Amino acid sequence: MSTPKIVNLSPAAATAATTDTVDRGRRSFLKTSAGAAAGLTLGVWLPARGQMAGAGRVAGPGMAGGEPAAAGDFAPNAFVRIGTDDSVTVVCKHLEMGQGTFTGLPTLVAEELDARWEQVQPVGAPVDNARYNNLFWGQVQGTGGSTAIANAYEQMRRAGAAARGMLVGAAAEQWQVPAAEITVVDGVVSHPKSGRSAGFGELAEAAAAQPVPEAPTLKDPSAFKLIGKAFLPRKDSKAKCTGVAQFTQDVRLPGMLTACVAHPPLFGAKVRGFDDSAARAVPGVEQVVQIPSGVAVLAYDFWSAQQGRDALTVDWDESGAFTQGSAEILADYRKLAERPGKPVTSIGDAEQALAGAETVIEAEYSVPFLAHAAMETMDCVITPDAGGGVRVINGEQFQTIDQQAVAGVLGLEPSQVRIEMLYAGGSFGRRANPQSDYLVEAAHIFKAAGGKTPVKLIWTREDDTRAGFYRPLYLHRLKAGLDASGKPVAWQHRIVGQSIITGTAFEPALVVDGVDQTSVEGAKEIPYAIPNQAVDLHSPQLPVTVQWWRAVGSTHTAFAVECMLDELAAAAGKDPVDFRVTLMGEHPRERDVLKLAAQRGGWYDPPLPDGRGRGIAVHKSFGSYVAMVAEVTLDGDDGFSVDRVVIAVDCGTVVNPDVVVAQMEGGMGFGLSAALMSEITLVDGAVQQSNFDDYLVLRMDRMPAVEVHLVPSTEAPTGVGEPATPVIAPAVANALAAATGRRFHRLPLKRAA
Amino acid sequence: MIELRVNGETHQLDIDPQMPLLWALREHVGLTGTKYGCGIAQCGACTVHLGGAAIRSCSLPVSAAVGQDITTIEGLPDGPQGAVGQAVQQAWQDLDVVQCGFCQSGQIMQATALLATNPEPDDAAIDADMAGNICRCATYARIRKAIHKAAQALA
């Protein structure tokens, strides 16, 4: 995502240290008033506004709020706090939802600080658009688009380097030696000549009095000790292996009520009336309230709330509801695809080149709606805060937008909405909702329930599956021409599907000349030199709510483009790798990952026996280049298995190689669900799926063996959370084509016609 | 009153006997390491040990657990399968299996129960036993490796 324009953002006031209901600090800062550490707050490269992070409450996974800095602690900037106990706390501005930010961001600080990895602990940043904004999104704080490491790479390193400079300065002063003679290794500051040394903790207080280096020198990459190191243990591993990691679902506050909501059965249906007598009779049920998105039942525990919700009789007004099914939507899209849409790419004259082509290949690809289906269903806690404000606690991904949305519902200033970021049990884009849907729902319930009681909203799996905000259904129609030598001369690509951006705050930045850039990413510019290209887009509007889903537009464009490339190679009688490589002269990074995947994936090994097949695909997304070779084996008349996947990735400088490998393995596995089995379908407007028994996702028994190869690079780091996801579907579809001799055009892939 | 024995401690709970064990553990005993993921025994996030066997606590009425030893992720290292559980938790950390982590309590409970009955499972046995535990981050390849690693450590 590029910089969105968001209006009416007021700078968030620094948060105050007050409540501590669910605090479970993992270290022992002394309790102190919010102002006590103000003397240590030093503006570095960020605008200094009031207190810095060390003085405010800092929320964090496992803590649901941190501890204020103690007297003597050293908080040189918004990202680093060094305690007198030798601890180094790294304030992480990006959500940890599995992708490794709470390991990656601290790695960057620790590298330049020369800290010991074991002394470093991450905490989540509070909401503060001025300090903790995503540098790729202007004054907007949030996580998404695989940007965490990419946007913070230098920022976090500078934070570490500045802190190091101040520790060195303090030591030089204390020891009366030249700063240049001081070394820092593994968390120990030393002056070898005099034999003196000190830990960070011993120097923290003195370091706070040092001037802040204006332009701290960053290490040359050749001096890196942590960045690029093969294995640096994840910071969240132990807590997540022992059950102590705190998720929103786990938050319990005194007097808290849990809410379950009866949601409309159709998109656009509304509550006409309801009978809550049976619901109120359920022991434990306290309140039943109507909210814009349905009827909420509040109870002392989840079980009672759910029983109460299920006992409601709601009269739904379906007069304005959407009643089409997926089949009708697809039929409408086919009709739309018969005429040109908004122009996206125009190179040469595709129409004319097609007319003169020796061979013309046409294909239609389609993909269904998809739910994100994170393991933790959507949930959110809202509780009254000092001064009439509120605290919002959840796996927070879109601070700036959510803060405004919740403030809007409650009639507060955004600064009166504090947000504490816990771990998210997955998101895959879902928790970055441009409408802040589940947070807004929680705010309405909180308000309707009187605004005095802490409320925890928990969606059941059925709520989560049926709530919309899906990856949209898409139709792609492609037509390409080869000349007599088998060289592609024309490429025409028409895309039909809902815009996920129109109507959101991201529209001014991401819809250009009527074209939602996320609808066409991965298709607008292809890495293949074809002299005549025409790409266009239809963005039909439907009441089915849609949203980004891990890898966004590439989830459908990569499937269409990479399968079509294979169809062209087959028509030209060429090897799919050779065919692509000859067209990739101007795209060396795509070409190189493709070649690496081919080499490591056994592409040039002897052909597989009958009933087996190998397929390849390559795609760039979020700045990174990924290629995959997939091997499939046919099973009976209509089954098949994916046995092995070899992945090559070029994501620029690799900060945490093992995290990158994990994101490639998992991102591929996430995409494999969509390739093999996941599908949200509508019949007469009603979502047909409800839980994991009918919304099928990848399980252990269908996970292939996987191997990941990283391309060494000194380029700037780019995304890793998303880029593996879109590549697996075309790789498997192409493998299936190789094994069966026929092409596959729909996801999820089914051998039966 | 429901009397539950969890991680070696006895709890008297004034709750609906039909309440799923999961919610009794999470909201009345206060052990939140066991997670709600689906409520219909399809995802395995709620897996605990009941009398040593891995079960889905979201679909078992709490009344059915009375009189049996219940072990949750919090009590795993010190419970009846403590040695196996510790080896599994260690292997998980050695290989950095976790991503979002939400399903991992259940995965670890399931894997521990597997190794307790089958100390040297091959991939097919692992796949068959672990297929009831969904991980949307798809950490499956590492889970497989970690189970083998724990098995080796225990051998």
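The values are calculated or read from the model by the stated rules, or taken from the named source; none is laboratory data. Since this is a predicted model, take the numbers as computed values, not measurements. Cβ atoms come from the backbone with ideal geometry, glycine included; neighbour counts cover every protein chain shown.
So, of the residues in the stretch A:290-312 that are assigned to a strand (DSSP E or B) and surrounded by 19 or more Cβ atoms within 10 Å (Cβ to Cβ), which turns out to be farthest from the other protein chains (Cβ to nearest Cβ)?
Going through the qualifying residues, I end up with A:291.
In the set B:93, B:86, B:68, B:99, which member is modelled with pLDDT of 95 or more, more than 11 Å from chain A (Cβ to nearest Cβ) and over 12 Å from the mean Cα position of the chain (by Cα)?
After applying the criteria, what remains is B:68.
Of the residues that make up the stretch A:85-102, is at least one surrounded by 24 or more Cβ atoms within 10 Å (Cβ to Cβ), at pLDDT below 95 and assigned to a loop (DSSP other than H, G, I, E, B)?
no
Can you run down the residue pairs with Cβ atoms below 8 Å, 6 or more apart or on separate chains, where the first is in the stretch B:112-139 and more than 7 Å from chain A (Cβ to nearest Cβ) and of a type in the set (D, E, K, R) and the partner is outside any helix (DSSP H, G or I) and surrounded by fewer than 24 Cβ atoms within 10 Å (Cβ to Cβ)?
Within 8 Å, the pairs are B:120/B:155; B:129/B:118; B:129/B:121.
Go through the stretch A:185-240 and give me each residue that's hydrophobic (A, V, I, L, M, F, W, C), within 14 Å of chain B (Cβ to nearest Cβ) and more than 30 Å from residue B:74 (Cβ to Cβ).
A:230
Tell me yes or no: at least one residue of the stretch A:647-658 is touching a helix residue (DSSP H, G or I) at 6+ places or on another chain (Cβ under 6 Å), modelled with pLDDT of 95 or more and within 12 Å of another protein chain (Cβ to nearest Cβ).
Yes, some residue in the stretch A:647-658 is touching a helix residue (DSSP H, G or I) at 6+ places or on another chain (Cβ under 6 Å), modelled with pLDDT of 95 or more and within 12 Å of another protein chain (Cβ to nearest Cβ).
Report the residue count in the stretch A:368-398 for those that are outside any strand (DSSP E or B), touching a helix residue (DSSP H, G or I) at 6+ places or on another chain (Cβ under 7 Å) and under 20 Å from residue A:459 (Cα atoms).
7
Name the residue, out of A:530, A:500, A:526, that is in contact with an Asp or Glu (Cβ under 9 Å, 6 or more places away or on another chain) and either in contact (Cβ under 8 Å) with a residue 24 or more places away in the chain or surrounded by fewer than 24 Cβ atoms within 10 Å (Cβ to Cβ) (or both).
Result: A:500 is the single residue among A:530, A:500, A:526 that is in contact with an Asp or Glu (Cβ under 9 Å, 6 or more places away or on another chain) and either in contact (Cβ under 8 Å) with a residue 24 or more places away in the chain or surrounded by fewer than 24 Cβ atoms within 10 Å (Cβ to Cβ) (or both).
Could you list all residues from the stretch A:399-420 that are under 22 Å from residue A:458 (Cβ atoms) and either within 14 Å of chain B (Cβ to nearest Cβ) or surrounded by fewer than 24 Cβ atoms within 10 Å (Cβ to Cβ) (or both)?
Of everything in the stretch A:399-420, those that are under 22 Å from residue A:458 (Cβ atoms) and either within 14 Å of chain B (Cβ to nearest Cβ) or surrounded by fewer than 24 Cβ atoms within 10 Å (Cβ to Cβ) (or both) turn out to be A:405, A:409, A:410.
Of everything in the stretch B:26-59 that's in a helix (DSSP H, G or I) and crowded, with 24+ Cβ neighbours inside 10 Å, which residue is farthest from the other protein chains (Cβ to nearest Cβ)?
The selected residue is B:57.
What is the one condition in (1) over 25 Å from residue A:461 (Cα atoms); (2) surrounded by 24 or more Cβ atoms within 10 Å (Cβ to Cβ) that residue A:725 does not satisfy?
For residue A:725, the exception is condition (1).
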